[in-house]
Amino acid sequence: MLKILNNSLNGITLGQRKVDLDDATLNKSSCSLEFDRKHKIQSDSQVITVSSSETCDEFSLNGKIINFSNLEKFAEEENPLVEISGEENYFYTFPQYNLALYIDYKGKLFLQVLIYDESIKDLYENRGLRYLDFQKSKLKSLITFYGKLIFIPHVSVGNFEFNSSLSDIIKEYDILEKIILDKKNILWINNFALRFDNEKLTQITIFYDKKEIIPIYYNEINISSEKGLSELLNKYDGIERGKFKYLFKELGLVVAKDFSEFHFFEQSLLKFWANLHRPITSW
């Protein structure tokens, strides 16, 4: 197993001079070394990267085993820089560890594990989005159409189609998050909550920060705007559900008056939403 300990990988330390490394270390089949070019005498060159020569499915980082069962949790905690290669593989760069990973999620392999010297941090840390921002932008680009969500009552929201299975959604959107349904069979992805009944998608809820509202359109009406909500109330029977929401039974839609929440539901859940005296957390 590859072992990273502070600024060393498998015992080879960044900054070591070439002259101080024995032939066995220089010829290690498990590692590749890169030296700087600042020195006139080649033997004085110092190690600036150490990387794995072969693929692996786990490695040790300062005593912690990193593999595909805990990689996403690790990424959420450390928030690395992320890029996608032309082969749809992922580069994760962790500046706090001077660590770069080249990842094949489909094959569950680390194609390369690399540590780099402080002197070349800019080469590895000058591009990419932070993981948490990347996940938001990735989901947004997958479900929107020209920057907006299209809502078709009881059929779909964006590219999410009601009655899709959980496995279909994971496959379609290449969801990287660790898939955990809560007790109410709700899958949380950023600010989207997807509810499943009998293993089928029955409800989509979007929780919005006002700074990040994606326009939601129904029949050319922007229902995520004051003007659009007024149009809906004029055209359809909008029922107040509590003090803060409007229910449009015909559309399978609930809109918070401050646009902080949008609930889209499949026909089978109408009886629950239509019972105005039943708390929405009870089903």
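Structure values in brief
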{"quantity": "The stretch 79-120, subset closer than 23 Å to Val47 by Cα, of a type in the set (S, T, N, Q) and touching a residue at least 40 places away in the same chain (Cβ under 8 Å), residue surrounded by the fewest Cβ atoms within 10 Å (Cβ to Cβ)", "calculated": "Ser119"}
{"quantity": "Answer from Ser8, Ser45 - the residue that is at pLDDT 90 or above, within 16 Å of Leu114 (Cβ to Cβ) and among the hydroxyl-bearing types (Ser, Thr, Tyr)", "calculated": "Ser8"}
{"quantity": "Leu276 in the same structural domain as Leu233 (by TED's automatic domain parsing), assigned to a loop (DSSP other than H, G, I, E, B), touching a strand residue (DSSP E or B) at 6+ places or on another chain (Cβ under 9 Å) and modelled with pLDDT of 95 or more", "calculated": "no"}
{"quantity": "Count - residues of the stretch 48-78 that are within 22 Å of Gln135 (Cβ to Cβ), polar (S, T, N, Q) and at pLDDT below 95", "calculated": "2"}
{"quantity": "Flag for Leu229 being surrounded by 14 or more Cβ atoms within 10 Å (Cβ to Cβ) and closer than 23 Å to Phe272 by Cα", "calculated": "yes"}
{"quantity": "Test for Phe74: is it among the aromatic types (Phe, Trp, Tyr) and either in a helix (DSSP H, G or I) or out of contact with any Leu (no Cβ under 8 Å at 6 or more places or on another chain) (or both)", "calculated": "yes"}
{"quantity": "Within the stretch 181-210, tally of residues that are under 19 Å from the mean Cα position of the chain (by Cα) and either surrounded by 13 or more Cβ atoms within 10 Å (Cβ to Cβ) or at pLDDT 85 or above (or both)", "calculated": "16"}
{"quantity": "Which listed residue, of Ser52, Ser8, is assigned by TED's automatic domain parsing to the domain that holds Gly107 and under 28 Å from the mean Cα position of the chain (by Cα)", "calculated": "Ser52"}
{"quantity": "Number of positions in the stretch 208-243 that are assigned to a helix (DSSP H, G or I) and either over 15 Å from Phe262 (Cβ atoms) or of a type outside the set (Gly, Ala, Ser) (or both)", "calculated": "12"}
{"quantity": "Condition check for Ser260: surrounded by fewer than 19 Cβ atoms within 10 Å (Cβ to Cβ), among the hydroxyl-bearing types (Ser, Thr, Tyr) and either more than 21 Å from Asn191 (Cα to Cα) or at pLDDT 95 or above (or both)", "calculated": "no"}
{"quantity": "Near pairs, Cβ below 6 angstrom, 6+ apart or cross-chain, from the stretch 121-146 (at pLDDT below 90) to any residue that is of a type outside the set (D, E, K, R) and assigned to a helix (DSSP H, G or I)", "calculated": "Tyr131/Ala75; Leu142/Tyr173"}
{"quantity": "Exclusive hit being modelled with pLDDT of 90 or more and more than 24 Å from Glu161 (Cα to Cα), set Glu231, Glu250", "calculated": "Glu231"}
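Every residue, every condition in (1) surrounded by 11 or more Cβ atoms within 10 Å (Cβ to Cβ); (2) in a loop (DSSP other than H, G, I, E, B); (3) not polar (S, T, N, Q), yes or no:
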{"position": "Ile4", "(1), (2), (3)": "yes, no, yes"}
{"position": "Ala24", "(1), (2), (3)": "no, no, yes"}
{"position": "Ser32", "(1), (2), (3)": "yes, no, no"}
{"position": "Lys38", "(1), (2), (3)": "no, yes, yes"}
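The values are calculated or read from the model by the stated rules, or taken from the named source; none is laboratory data. Predicted model only: the values in this text are computed from it and were never measured. Virtual Cβ from ideal backbone geometry, glycine too; neighbours counted across all protein chains shown.
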